[in-house]
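Chemist: Got a structure here, written out as structure tokens. Questions coming.
The values are calculated or read from the model by the stated rules, or taken from the named source; none is laboratory data. Because the structure is a prediction, the values reported are computed rather than measured. Here the Cβ positions follow ideal geometry from the backbone for every residue, glycine too, while neighbour counts run over all protein chains shown.
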Amino acid sequence: MLKPLRLQTSLLALALLFAAGCASKSPQEENPEVAAVAPPVTGTHSEETVLSEAREFFGDGAAGLADVVRVAFRDRGRPNAYIKGEEVGGAIAVGVRYGAGTIVLANGETREVYWQGPSVGFDIGGNASKAFILVYNLSDMDALFQRFPGVEGSLYFVGGVSVNYNQSGNTVLAPIRFGVGWRQGANVGYLHMTPKKSWLPF
């Protein structure tokens, strides 16, 4: 009876050591494909930096750009990131919008991002435009990839340039748009930010 008891004790000890070893492994060691936690976003962009980047991005034809940027800073303060990109969209009552660009954090980090979204309302026409999106209260890069509903009554338009607000929790997007095409009316919808391109507007 002694030998079987010793054998069972030894097996139990080995099992406990194995379990302790597994528990001490990090998620990345157990599964190398598990992504590391995104570092927090720190720092903000000044109004001078944003206006300079936006002017270079849109060119000299964007009359009213300074007024639109001033309104965004008055309403929301200093953003901690901005996105430079292009988008296309169209609507006959029900509309869609697709965009792609590069997000620039205050520390200089950049990443390709995409967005799409539906809209419903009194809206007709089509457009292709450049979009310079100010990003406020972004805790980390992963927090960007979600749906941002439009804020009702937030549209401000001057000299062919417009800005409105989309918000989810504390994070706010302020897309500044300047482009060609014809699209008028009022609509409600959201922007769905994604790390990869998607043709599904939802």
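Chemist: Look at residue 64 and say whether it is modelled with pLDDT under 80 and surrounded by 13 or more Cβ atoms within 10 Å (Cβ to Cβ). Steps first, answer last, please.
Modeler: Working: modelled with pLDDT under 80: no; surrounded by 13 or more Cβ atoms within 10 Å (Cβ to Cβ): yes.
The answer is no for residue 64.
Chemist: Let me ask you something else. Across the stretch 151-171, what is the total count of residues that are farther than 19 Å from residue 59 by Cβ and in contact with a Leu (Cβ under 8 Å, 6 or more places away or on another chain)? Can you show your working first?
Modeler: Just the residues of the stretch 151-171 that are farther than 19 Å from residue 59 by Cβ, to begin with: 151-156, 164-171.
Subset that is in contact with a Leu (Cβ under 8 Å, 6 or more places away or on another chain): 164-167, 171.
Looking only at that region, the number is 5.
Chemist: If you don't mind, there's one more thing I want to ask. Tell me, which residue of the stretch 143-196 that is at positive phi and part of a loop (DSSP other than H, G, I, E, B) is modelled with the lowest pLDDT?
Modeler: Once the filter is applied, the top-ranked residue is 153.
Listed here are the residues, each with its yes/no results for (1) assigned to a helix (DSSP H, G or I); (2) at pLDDT below 90; (3) outside the structural domain of residue 165 (by TED's automatic domain parsing).
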| site | (1), (2), (3) |
| --- | --- |
| 8 | yes, yes, yes |
| 53 | yes, no, no |
| 70 | yes, no, no |
| 102 | no, no, no |
